[in-house]
1. In the range 6-44, how many are in contact with a Ser or Thr (Cβ under 9 Å, 6 or more places away or on another chain), open to solvent by less than 50 Å² (accessible area, probe 1.4 Å) and part of a helix (DSSP H, G or I)?
2. In the range 1-49, what residues are of a type in the set (D, E, K, R) and more than 19 Å from Arg72 (Cα to Cα)?
3. If His86 meets every condition in (1) surrounded by 11 or more Cβ atoms within 10 Å (Cβ to Cβ); (2) at pLDDT 90 or above; (3) not aromatic (Phe, Trp, Tyr) apart from one, which number is that one?
4. Are there any pairs, at least 6 apart or on different chains, whose C-beta atoms fall under 9 Å, with the first in the range 54-81 and free of Cβ contacts under 8 Å to residues at least 60 places away in the same chain and the second in a loop (DSSP other than H, G, I, E, B), and if so, which?
5. How about the range 45-75: which of its residues are under 28 Å from Val3 (Cβ atoms) and outside any helix (DSSP H, G or I)?
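The values are calculated or read from the model by the stated rules, or taken from the named source; none is laboratory data. As the structure is a prediction and not an experimental result, all values here were calculated from the model. All Cβ positions, even for glycine, are placed from backbone atoms using ideal geometry, and neighbour counts span all protein chains on display. The protein model used for the area step is the full one, side chains on, heavy atoms only, and it has no ligands, DNA or RNA in it. Shrake-Rupley method; radii C 1.70, N 1.55, O 1.52, S 1.80 Å.
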Amino acid sequence: MSVFIKVLGVLLVLAGLALSWSPIPLGILLIPMGLAMIVATSGTARKWLRRRRERHQGFDRWMRKMERKMPRRFSRPLRKTDADIHRNRQTGS
C-alpha cells in the first residue's frame, strides 16, 4: 500500500508542476498534497524535505502557508518536516 501512496504522491507533484503554469494555478495545491503523501510513507523523504525547508526560508514560508490551507490529513505529515519545530524538539525547548 505504501508503494501505491508514494506513486500517487509523485504523480500529484508532477501534475502540480505541470498545472502551476496554467491560468488557474491548481498545481500550487497539488504539490504540497503530493509531498505530504510521500513524506507520510518515507523517512528519507521526510529528512530531505526538512533539510530543504531549513535551507530555503522562502520555500519554508510557502509550505507553512499551504499547511494552513490543506485538510488536516495532508498538513500533519508536512508539519513534521517544519525546521523550527524539529529544531525546538532537539534543543528541548
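1. The total comes to 9.
2. Lys47
3. Looking at each condition in turn, His86 falls short on (2).
4. That search, which allows pairs on different chains as well, returns Asp60/Asp82; Met63/Thr81; Met63/Asp82; Arg64/Asp82; Glu67/Asp82; Leu78/Met70.
5. Met70, Pro71
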